[in-house]
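First up is the structure itself, then whatever we jot down about it.
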Amino acid sequence: MKLLLTGAVSWSEEQKNSLRELGNEILYIQDERIPLKEQSIDTEKIEGAVCNGLFLYNNIEDFKSLKYIQLTSAGFDRVPMDYIQKHQIEIHNARGVYSIPMAEFAVSGVLQLYKQSHFFYENQKNGKWEKHRYVKELYDKTICIAGCGNVGTECAKRFQAFGCRVIGVDLYPRTDENYEEMISLEEFENVLPESDVVVLTLPLTDETKHLMNEKKLNLLKKGAILVNIARGAVLDTDALIRVLPKLGGAVLDVFEEEPLSEDSLLWKCENVIITPHNSFVGEGNRTRLQKVILKNITRNSK
């Protein structure tokens, strides 16, 4: 297979050679944002691609021989899935690769808000010795995880370890030891009033866009915390800003428009933790991703 590798993931020569040993001819580009035609690469002859945003900058219809795609992202929202399915192109995502750092990030964000980290950090900078009497415990809290795939389940494991009651919400409910119970998306509103923390890990689809809207946000109890590590558009940002004063806070790693505008009111909200779509980063990602890539390509090569 004539296989295109991109700089969406770093490659050592040893790793490239392991792909060559499977009978693949390797092409490599560093920057997916530069159209392949400008890099003198004949797209018509490419049979496989390991990439992330390649088809945002190149027309997939120009890839006449394409039969295999391995994404370095967990989501499928950056590729034309209708075309891929119509032309029976085999596609894989980076399932499970980023789940561990994202789950750790979710727990970390909640703990920062519960333990008043911002208050103590500011006091430390100013050399100020002052106690805070409203530090909360994570123990015995009810955690609602919307999206019970790999990321959601890694979150569930970690919140369980803190002694939390974990409820899962998913398009396809199942029995899973990591959740006290799992309910359907249609029942989501029923658990919001009892939830101390809501974690969004759902994929972005027509069905989940603005799933967390003003109605659902207003169902949350006073002091509840919302965590979004899914996609920005799963949450109605304007509605969140209106409801924030009654919440304990929000932990936001993704936004409807990225980068987040400097004019966004979210920057000035003291009960909001903002990170620049960074929750997936961890030193174990490269090893996990390479294993996924090699496993899928090896299976395809047989």
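The table below lists the values:
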read-out	value
Span-like helix ranges in the chain, DSSP H, alpha carbon extent 18 angstrom or more, Kyte mean at least -0.5	99-114
Entries of Lys141/Lys295; Lys136/Lys216; Lys157/Lys215; Lys131/Lys215 with Cα pairs more than 32 Å apart	Lys141/Lys295; Lys131/Lys215
Lysines with Cα under 18 Å of Lys291, excluding same-chain neighbours fewer than 8 positions away	Lys16, Lys302
Added length on full extension, which subtracts the Cα-Cα distance from 0.36 nm per residue, Phe162 to Asp263	32.7 nm
Segment 1-55 - Rg over Rh from alpha carbon coordinates, Kirkwood radius	0.94
Where a label projected 7 Å from the Cα of Gln124 along Cα→Cβ would reach, residues of segment 258-287 with amide N under 18 Å	273-274
Carbon plus sulfur fraction of accessible area for segment 1-65, probe 1.4 Å, in percent	40 percent
With all protein chains modelled, accessible area of His210 [1.4 Å, Å²]	60 Å²
Asn17-Lys131 FRET efficiency (beta carbon distance; Förster radius 51 Å; 0.05 resolution)	0.30
Options Asn271, Tyr28, Val254, ranked by Cα towards positive dipole end of the chain, top entry (Cβ charges)	Asn271
Helical contribution to [θ] at 222 nm, DSSP H n ≥ 4, -39,500 (n - 2.57), averaged over the chain, rounded to 500	-8500 deg cm²/dmol
(i) 0.98; (ii) 1.04; (iii) 1.02, with the label sought being that of the calculated Rg/Rh (Cα atoms, Kirkwood Rh)	(iii)
Proximal lysines relative to Lys64, as straight alpha-carbon distance under 16 Å, when same-chain residues fewer than 8 apart are discounted	Lys2, Lys37, Lys45, Lys86
In Å², nearest 10: area of Glu207 left accessible to a 1.4 Å probe	100 Å²
Net length gained if the chain between Glu90 and Gln112 were fully extended (0.36 nm per residue, minus Cα distance)	3.8 nm
Probe 1.4 Å - accessible area at Phe76, Å² to nearest ten	80 Å²
Label-to-label distance, nm, for residues given as Ser10 and Asp206 (7 Å Cα→Cβ offset)	4.2 nm
More than 24 angstrom apart: percent of Cα pairs within segment 126-270	32 percent
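The values are calculated or read from the model by the stated rules, or taken from the named source; none is laboratory data. In this text, all values refer to a predicted model and were calculated from it rather than measured experimentally. Cβ atoms come from the backbone with ideal geometry, glycine included; neighbour counts cover every protein chain shown. Heavy atoms of the whole protein, side chains included, go into the accessibility calculation; ligands, DNA and RNA do not. Shrake-Rupley method; radii C 1.70, N 1.55, O 1.52, S 1.80 Å.
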